[in-house]
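Visitor: Take a look at this one; I'll ask things after.
The values are calculated or read from the model by the stated rules, or taken from the named source; none is laboratory data. Quick caveat, the model's predicted, so the values are computed rather than measured. Cβ: placed from backbone, ideal geometry, glycine included. Neighbour counts: every protein chain shown.
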Amino acid sequence: MRLLLIEDDDRIAGPLTEGLGRYGFTVDHVRTGAAGLAGTDGTPDLVLLDLGLPDMDGLDVCRNLRARSAVPIIMITARGEEADRIVGLELGADDYLAKPFGVRELVARIRAVTRRTSGAPPFPVPTHQAARSEAPGPQPLGPLEINRRTRQVRLDGADIPLTPREFDLLAHLAEDPGTVHSRQHIMDTVWDPHFFGPTKTLDAHVAALRRKLGDPAWITTSRGVGFRLTVPGQDAEPGTAG
Ligand code: CA
């Protein structure tokens with residue numbers, strides 16, 4: 001697996017490259033955002049992106065990367081940059097890790113992100129999820145169409161570009177439309193079974209999905225509980241016409 005590490009601090013990049021190498025990762029290391037954007041021509045399997053870069057804002061690098069590719073992105077941030085993390089997740093980053101962190105923790109995150117974003121999960125998944133992933137055709141939901149096999153989403157026939165995590169979140173909510181999915185269950189399923197820490201990332205992804213779907217009514221907030229997916233304008237009682 002090939003990683004692109006965009007990090008200007010050699011004291012971090014050096015040990016990281018070496019440590020990741022021990023886990024079998026190939027690391028291409030660049031020190032600037034510009035080099036990172038140029039380096040993606042080699043199509044890395046995943047990008048590790050430091051947000052504090054000398055030549056450009058790491059968030060701009062993230063936005064640029066996402067605009068041209070669906071490559072998984074893990075942001076590396078300094079502590080106390082929560083606002084940046086949330087913006088980064090909204091821009092399409094898949095996860096973040098706050099400095100300082102250990103190589104083992106990073107490897108766990110890389111594996112979790114890869115597992116979520118690859119078509120074939122290398123680890124056993126619950127049966128209902130396995131069945132879902134083998135679903136033969138796209139799931140229609142009003143004007144929306146969710147294709148779990150190709151991981152494509154269409155709205156009124158037009159492709160909606162989603163980040164891997166946004167897709168997983170939408171697909172999860174769509175497994176049971178109209179039902180409230182609790183925050184914790186979403187975090188456990190869409191993020192990581194052992195997710196800990198603030199769940200603001202969930203709100204950021206919901207906000208991004210609402211924006212991309214063009215109507216906030218697609219995802220309803222059940223305050224203090226969670227979220228549910230409904231087709232706007234069709235949130236009627238069962239048996240009601242329309
Ligand atoms: Ca830095």
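Visitor: Checking TRP191 against (1) among the aromatic types (Phe, Trp, Tyr); (2) within 24 Å of LEU65 (Cα to Cα); (3) at pLDDT 90 or above, which test does it fail?
Guide: With respect to (1) among the aromatic types (Phe, Trp, Tyr); (2) within 24 Å of LEU65 (Cα to Cα); (3) at pLDDT 90 or above, TRP191 is out only on (3).
Visitor: Which residues, counting only those in the range 85-100, are surrounded by fewer than 21 Cβ atoms within 10 Å (Cβ to Cβ) and farther than 18 Å from LEU16 by Cβ?
Guide: Correct list: ILE86, VAL87, GLU90.
Visitor: Report every pair of residues separated by at least 6 positions or lying on different chains whose Cβ atoms are under 9 Å apart, first residue within the range 1-25 and over 20 Å from TYR96 (Cβ atoms), second assigned to a helix (DSSP H, G or I).
Guide: Listed by first residue and then by second, the contacts come to ARG2/GLY42; GLU18/VAL103; ARG22/VAL103.
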